[in-house]
Amino acid sequence: MHPTTPEPSSAAAPAFAPLAVLPPWLRGAAAFLMLLLNTLFWCLLLFTLALLRLVLPFQAVRRALDPLINAVASNWIAGNSGWMRLTQPTTWDVSGHEALPYRGWYLVTCNHQSWVDIFVLQHVFNRRIPLLKFFLKQQLIYVPVMGLAWWALDFPFMRRHSDAELRRHPEKRQQDLDATRRACAKFSLVPTSVMNFVEGTRFTAAKHQAAGGRWQHLLPPKAGGMSMALAVLGERFDSLVDVTIVYPDGAPSFWQFLCGRVPRIVVRVQRHDIPADCRRSDGSVDAPFRKRVHHWLLGLWDDKDTQIEALRAR
């Protein structure tokens, strides 16, 4: 189940936002209220379908219900785009997403600066490619309403383990692999876009300084989650969709975003072939495979850092 026509492009143009005449604090309150009501409305239907899928755990039922659940999520995202258009007088400068075929399996990655990134990605890609399924930290499953919604949408929940902890308890790496394998097995039934912020956390000046590395605008990429996805669905993915988000006026907080204090958002989308030696379908992730994926990521990150510098200099 997918729409016959995608949502209108959010390509570069100053947005006309009817509620932009309101004071920022009142605009933020109105945006938050619309976000809350939109979330509660669609989550009620989402939870109903997910409960039905839970009590009827048959593959035929999942094949029938998953497209319906994804359609509910797409309508939820469209509702968020609606209140954004009402409240956000933002200039969107977006390119590279126009020619992506809707049907297919995509591995998606992006630099990460703010919670706003998720709304940006959903706004740009909703009904253009299959629904984005995010890798999330395990703790987020306890977020009221949203944690249950992410569970219903089969988002993979990942535990965070340090390298030292994994050396002491190597079995914990297997726990994450098993969780990813289960999630990706579900993704193989209907076209899906698997989204992974490979930096693992939001960029800040302090984190950048602590991490070191060779990039001016990025944190070092981590290959764990992507390696797991490529080990399970590597032969299924059509390509990698690499997204670069730049906020020329600085990465906003979520409240600044709600208040319409994001003058401009720049998004660049590039589609890359996935190297043959970074694809698997047997679910096994060994050290050489992770190293190959990591080496590939390093090259992508070099190009992304150069691109961010050029976009910021405009």
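Readers should treat all values here as calculations from the given coordinates under stated rules, not as data from a laboratory. Everything numeric here is computed off the predicted structure, so don't read it as measured data. As a convention, Cβ positions derive from the backbone with ideal geometry for all residues, glycine included, and neighbour counts pool all protein chains shown.
Data for the structure
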{"quantity": "Efficiency of FRET from Cβ geometry, residue 253 and residue 65, R₀ 35 Å, rounded to 0.05", "calculated": "0.45"}
{"quantity": "Of the DSSP H helices in the chain, those whose Cα atoms cover at least 18 Å axially and whose Kyte score averages 0.5 or more", "calculated": "24-55"}
{"quantity": "R0 of 35 Å, Cβ-Cβ distance residue 309-residue 98: FRET efficiency to nearest 0.05", "calculated": "0.90"}
{"quantity": "Projected label distance in nm at residue 302 and residue 201, using a 7 Å step from Cα toward the beta-carbon", "calculated": "2.7"}
{"quantity": "Karplus 3J(HN,Hα) series, Hz, for the range 215-223 with 6.51 cos²θ - 1.76 cosθ + 1.60 (x for Gly, Pro)", "calculated": "10, 7, 10, 9, 8, x, x, 10, 8"}
{"quantity": "Relative contact order, percent, the chain [alpha-carbon distance under 8 Å, six or more residues apart]", "calculated": "24"}
{"quantity": "Sparse-neighbourhood loop sites, trypsin sites (Lys or Arg not before Pro) in the range 97-150 - DSSP loop, at most 16 other Cβ within 10 angstrom", "calculated": "103"}
{"quantity": "Over 19 Å (Cα to Cα) - which of 186/304; 186/291; 133/186 fall in this group", "calculated": "186/304; 186/291"}
{"quantity": "Stretchable slack from residue 210 to residue 58, in nm (0.36 nm times residue separation minus alpha-carbon distance)", "calculated": "49.9 nm"}
{"quantity": "Global geometry of the range 79-156, whether rounded, prolate or oblate, following the gyration tensor of its Cα atoms and the 1.5 cut on a/c", "calculated": "oblate"}
{"quantity": "Extension reserve of the residue 45-residue 295 stretch, reckoned as 0.36 nm per residue once the Cα distance is removed", "calculated": "85.7 nm"}
{"quantity": "Mean Cβ neighbour count within 10 Å, used as a protection proxy, ranking 229-242, 61-74, 201-214 highest first", "calculated": "229-242, 61-74, 201-214"}
{"quantity": "Dipole magnitude of the chain about its Cα centre (Cβ charges: Lys, Arg +1; Asp, Glu -1), debye to nearest 20", "calculated": "440"}
{"quantity": "Order by protection proxy (mean Cβ within 10 Å, highest first), peptides 260-267, 38-45", "calculated": "260-267, 38-45"}
{"quantity": "Against the rule of thumb 2.2 N^0.38 Å, how large the Cα Rg of the range 182-281 comes out", "calculated": "1.30"}
{"quantity": "Residue 143-residue 115 pseudo-label distance in nm [points 7 Å out on the Cα-to-Cβ vector]", "calculated": "0.7"}
{"quantity": "Antiparallel %, DSSP beta bridges [both residues in the chain], to 5", "calculated": "30"}
{"quantity": "For residue 91, distant residues with modelled amide H under 5 Å away", "calculated": "15, 264, 265"}
{"quantity": "Intensity falloff of the chain expressed as log10 I(q)/I(0), Debye formula with alpha-carbon point scatterers, at q = 0.08, 0.10 Å⁻¹", "calculated": "-0.36, -0.57"}
